[in-house]
1. Taking the Cα centre of each part, how many Å lie between segment 198-216 and segment 100-146?
2. For segment 43-176, give the magnitude of the charge dipole about the Cα centre (Cβ charges: +1 Lys/Arg, -1 Asp/Glu; no others), in debye to the nearest 20.
3. Would you calculate, for the chain, the mean residue ellipticity at 222 nm contributed by helices, counting each DSSP H stretch of 4 or more residues as -39,500 (n - 2.57) and dividing by all residues, to the nearest 500?
4. So what are the three principal axis dimensions of the chain from its Cα atoms, in whole Å, longest to shortest?
5. Remind me, relative contact order of segment 92-183 in percent, using alpha carbon pairs under 8 angstrom and six or more residues apart?
6. Starting from the Cα-Cα distance between Tyr109 and Arg17, subtract it from 0.36 nm times their residue separation and give me the gain in nm to one decimal.
7. Taking the simple approach of a point 7 Å from Cα along Cα-to-Cβ for both Ala123 and Ser229, what is their distance in nm?
8. Which of the pairs Lys31/Lys72; Lys72/Lys238; Lys74/Lys228; Lys122/Lys158 have their Cα atoms more than 18 Å apart in this structure?
Amino acid sequence: MRDMFTGTYTAIVTPFRGGALDEDALENLIKFQIKGGVDGIVPVGTTGESPTVDCAEHIRVIELSVKFSAGKIKVLAGTGANATSEAIKLTQEAEKVGADGSLQVAPYYNKPTQEGLYQHFKAIARATKLPIMLYSIPGRCGIEIGIETVKRLATDCKNIVGIKEAGGSCDRVSQLRAATGPKFTIMSGDDSLTLPFMAVGANGVISVASNVIPKEVSQMVKLFSTGKSAAAIRLHEKYYSLFKDLFIETNPTPVKAALAMMKLIEEEYRLPLVPMNPKNWDALRTTMKRCGVLE
């Protein structure tokens, strides 16, 4: 079960049309990901606007993601919550509809202690057979999952198989690798840090940019993984400005705008997210043209 979620996973957006889930657009997006060669997708994570979908929609997105992926790529379902009971319910429902694994973000707003984090993730792991990837993103949650807590969970819960690391520190990736050993998966949570993180032990990326350029991100990761670092770095350099401008405003607003520019989805969000500032929209479009994503 260990080291099964490696390579490039797309934190896929949730497309809306007229206030409802746009199922046709979701199918087309997933086909685009499969064609681009990604290893998997992460539906209803932060990029999938999980805070603004209701429970039924949440499970529907996962169910459709499994259906549209058709076994060609893996589905690592975002089923985290700041209430342990809710995270357990979402994870069990994801298991029922056929997800391959669960991404579990650190509880947000209530700021538990490290012991609280340990008990939270342990309870979820015991309630499912799905492999679980932890998700540490202190910029959104206000806390990080400590190195020793990750080590305890990896030791005590055999279905906790990895972590998405979005703390921005190569030093922490090195510490995680030393603490958890070679079989525990570490995935970058930031596109611009994918290669630096892989250089010190990460196994790939859970990517926002691969919504837009799945082929290029997956190629970059595969090249670096197979020792072709110079070619991987050239791709990083070519798309670095896009990696950064996809966060010119709060994710997922820019990436949904980019996909709308590519005519893959409607540019529709749910409050409290709103359309981009026109100046930033223009800057993103300019970057996409410069990178060859748009003509």
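1. Their Cα centres are 22 Å away from one another.
2. Roughly 320 debye for segment 43-176.
3. -14000 deg cm²/dmol
4. Sorted from largest, the Cα extents of the chain read 51, 44, 35 Å.
5. Relative contact order comes out at 30 percent.
6. 30.1 nm
7. Each label point is offset 7 Å from its Cα along the Cβ direction, giving 4.4 nm.
8. In this structure, Lys72/Lys238; Lys74/Lys228 lie more than 18 Å apart at Cα.
The values are calculated or read from the model by the stated rules, or taken from the named source; none is laboratory data. Since this is a predicted model, take the numbers as computed values, not measurements. Glycine gets a Cβ as well: all are built from the backbone with ideal geometry, and neighbour counts include every protein chain shown. Heads up: the accessible areas ignore ligands, DNA and RNA and are worked out on the full protein's heavy atoms, side chains in. Shrake-Rupley method; radii C 1.70, N 1.55, O 1.52, S 1.80 Å.
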